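The values are calculated or read from the model by the stated rules, or taken from the named source; none is laboratory data. Worth saying up front: this structure is predicted, and the values here are computed from it rather than measured. Cβ sites come from the backbone with ideal geometry, for glycine too, and all protein chains shown count toward neighbours.
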Amino acid sequence: MASGERLSFLLRQARLDDIDAVYAVERECFRDPYPPELLRLLLLLPGVFLVVVHEDKVIGYVAVVVRNNMGHVFSVAVVERFRRRGIGRALLKEAIDALRRRGIKDFRLEVRESNHAAQQLYRSLGFKEEGKIPGYYSDGEAALVMKLSLP
Ligand SMILES: CC(C)(COP(=O)(O)OP(=O)(O)OC[C@H]1O[C@@H](n2cnc3c(N)ncnc32)[C@H](O)[C@@H]1OP(=O)(O)O)[C@@H](O)C(=O)NCCC(=O)NCCS
């Protein structure tokens, strides 16, 4: 796809039969992908799990789990070919808006210290850095903790 070309995509709730495709996105986007069993479990937990579909293919997803009245951004990913077109932001915004309508105002996430693209995306949505957890990831990298509080 030529850069700058208009892209049509659809955001919708994830279903059980999306999990294989979501796992394929995971494998492409992360060196330590979540296993399909965990992705299936996410469908059952309180929160929001959305996929983004382009030409009948899942090209990204977001999962936000709600616990103790707080939304925890568990994961967000967009396959490389479709990045920098506003899809990651659209996914997160839709998930946060949906939870805000259910009364959830506080959100939190962890992100690799080296993952500047994701940090920039989160900042663009109002998330602020609120601390660091050394050795959070299995390879020893630290996580930044970022939080968003909506009115
Ligand atoms: C992070 C990720 C989901 C962003 O998806 P995306 O669809 O490319 O994001 P968007 O196009 O909506 O970008 C929104 C904003 O985020 C920031 N951003 C996104 N990618 C960036 C990059 N590579 N470098 C710097 N800023 C970036 C920019 O501020 C961008 O706004 P702009 O394009 O108007 O400048 C995608 O890069 C990805 O899947 N990465 C691998 C998985 C991952 O790291 N997930 C997060 C785990 S915590």
Say we look at the range 48-84 and pick out the residues that are more than 15 Å from the chain's Cα centre (by Cα) and among the basic types (Lys, Arg); which of these is nearest to the ligand (Cβ to nearest atom)? Arg81
Counting only residues that are farther than 28 Å from Asp139 by Cα and surrounded by 22 or more Cβ atoms within 10 Å (Cβ to Cβ), how many does the range 15-46 have? 0
Which condition from (1) more than 14 Å from the ligand (Cβ to nearest atom); (2) under 21 Å from Tyr61 (Cβ atoms) is the one that Phe127 breaks? (1)
Just one listed residue, out of Arg12, Arg6, is loosely packed, with under 15 Cβ neighbours inside 10 Å, in contact with a strand residue (DSSP E or B) (Cβ under 9 Å, 6 or more places away or on another chain) and farther than 21 Å from Gly126 by Cβ, and it is Arg12
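So that you can scan it fast, the table gives a plain yes or no per residue for (1) touching a Ser or Thr at 6+ places or on another chain (Cβ under 9 Å); (2) surrounded by 14 or more Cβ atoms within 10 Å (Cβ to Cβ):
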residue	(1), (2)
Asp56	no, no
Val65	no, yes
Phe74	no, yes
Glu80	no, no
Asp97	no, no
Tyr122	no, yes
Gly126	yes, no
Ala143	no, yes
Pro151	no, no
Which residues, taken from the range 122-141, are without any contact (Cβ under 8 Å) to a residue 24 or more places away in the chain and either farther than 28 Å from Ala90 by Cα or outside any loop (DSSP other than H, G, I, E, B) (or both)? Arg123, Lys128, Glu129, Glu130, Gly131, Lys132, Ile133, Pro134, Gly135, Gly140
Take Ile87 and tell me if it is more than 8 Å from the ligand (Cβ to nearest atom) and either surrounded by fewer than 18 Cβ atoms within 10 Å (Cβ to Cβ) or at pLDDT 95 or above (or both). no
What about Val111, is it modelled with pLDDT of 95 or more, farther than 22 Å from Leu7 by Cα, surrounded by 13 or more Cβ atoms within 10 Å (Cβ to Cβ) and within 8 Å of the ligand (Cβ to nearest atom)? yes
